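Following: one structure in structure tokens, then a few remarks.
The values are calculated or read from the model by the stated rules, or taken from the named source; none is laboratory data. Bear in mind the structure is a predicted one, so any value in this text is a computation, not a measurement. Backbone-built Cβ (ideal geometry, glycine too); neighbour counts: all protein chains shown. Keep in mind that these areas ignore ligands, DNA and RNA; they rest on the heavy atoms of the full protein, side chains included. Shrake-Rupley method; radii C 1.70, N 1.55, O 1.52, S 1.80 Å.
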Amino acid sequence: MSRKSIVAITGSLSQPSRTRRLVEDVAGRVQSRSGGAVTLIDVAEIGPDLGQAFSRAAASPALEAALKAIESADLIVAGSPVYKGSYTGFFKHLIDLVDYKALAGVPVALLATGGSDRHALSVEHQLRPLFGSFDAHTLPTAVFVVDRDIVDGRVVNEGVARRVDNLIAEAAGALARPAAIAA
């Protein structure tokens, strides 16, 4: 039996990035619980290729490999910083290039980071509907982390840390179950 594929997508163009560290931490902890294999897709690294691809046909080999990884994932851990109430444009552009049928039934762990509590509902009002439009299975617990709650790449707010733990348990559990069959 092959290892389950965990694809971690981070939507920050900053390097270093709190969002990337959070996504990597969650994906790594899911991997340690499930034995899956993690592939990281960072828009900061594929940004130049992504910025030149106005359609799937124009995707570079590196961008095409990232898209195929997303489309064949057994679990997606998706995270973006929130700017002006929503995920980043490059994150959205990447997802726009994904085959809309490929994510049906795929479990998706949702994460977002931001500078203000004002953006806390962006996970529910932006990320969940985005992946819902693909008929993906967004996990019940989603996590928004305010910048002050991350220190040296670690979530220091106990309430947020519990939500992260819940999300990791849900993600590992989703990988342990047979794949959902899309209708």
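Report for the chain the percent antiparallel among DSSP-assigned beta bridges with both residues inside it, nearest 5. Percent antiparallel among DSSP bridges in the chain is about 10. For ARG177, what charge total do you get from the other residues with a beta carbon under 14 Å from its beta carbon, if Lys and Arg give +1 and Asp and Glu give -1? It works out to a net charge of 0. Once the C-beta distance of ASP135 and ALA58 is scaled by a Förster radius of 30 Å, the resulting FRET efficiency is 0.70 to the nearest 0.05.
Compared with the direct C-alpha span, the chain from ASN166 to LYS68 gains 32.4 nm at full extension, assuming 0.36 nm per residue. On segment 112-153, 49 percent of the accessible area sits on carbon and sulfur atoms, based on a 1.4 Å probe.
Solvent-accessible surface (1.4 Å probe) assigned to GLU158 amounts to roughly 140 Å².
Note on GLU124 and LYS101: with the Förster distance fixed at 22 Å, the Cβ-Cβ geometry gives a FRET efficiency of about 0.35. In segment 99-158, Cα pairs under 8 Å separated by at least six residues give a relative contact order of 43 percent. Cα centroid separation, segment 69-105 to segment 1-45: 13 Å. Within straight-line reach of LYS92, meaning a Cα separation under 20 Å, sit the following aspartates and glutamates at least 8 residues removed in sequence or on another chain: GLU24, ASP42, GLU45, ASP49, GLU64, GLU71, GLU124, ASP135. Given their separation in residues at 0.36 nm each and the Cα-Cα distance between them, ARG177 and LYS92 gain 27.7 nm when the chain is fully extended.
Heavy-atom accessible surface of the chain, averaged per residue, reaches 48 Å², computed with a 1.4 Å probe. With contributions of -39500 (n - 2.57) from each DSSP H run of at least four residues, the per-residue ellipticity at 222 nm computed over the chain stands at -12000 deg cm²/dmol. Rounded, prolate or oblate: which fits segment 99-176 when a ≥ b ≥ c are the square roots of the eigenvalues of the alpha-carbon gyration tensor, with rounded for a/c under 1.5 and prolate only if a/b beats b/c? Because a/c hits 1.5 or more and a/b fails to exceed b/c, segment 99-176 counts as oblate. For VAL77, the residues 5 or more places off, or on other chains, whose built amide H falls under 5 Å of its own are VAL7, ALA8, ILE9, ALA109.
When the square roots of the Cα gyration tensor eigenvalues are ordered a ≥ b ≥ c, the ratio a/c for segment 1-81 is 1.5 or more and a/b does not exceed b/c, which makes its shape oblate. Once the Cα-Cα distance is subtracted from the 0.36 nm per residue extended length, the SER32 to ASN157 segment shows a gain of 42.7 nm. For HIS137, the residues 5 or more places off, or on other chains, whose built amide H falls under 5 Å of its own are GLY105, VAL106, VAL108. By definition, a body whose alpha carbon gyration tensor gives a ≥ b ≥ c is oblate when a/c is 1.5 or more and a/b is not larger than b/c, and segment 49-114 fits this oblate description.
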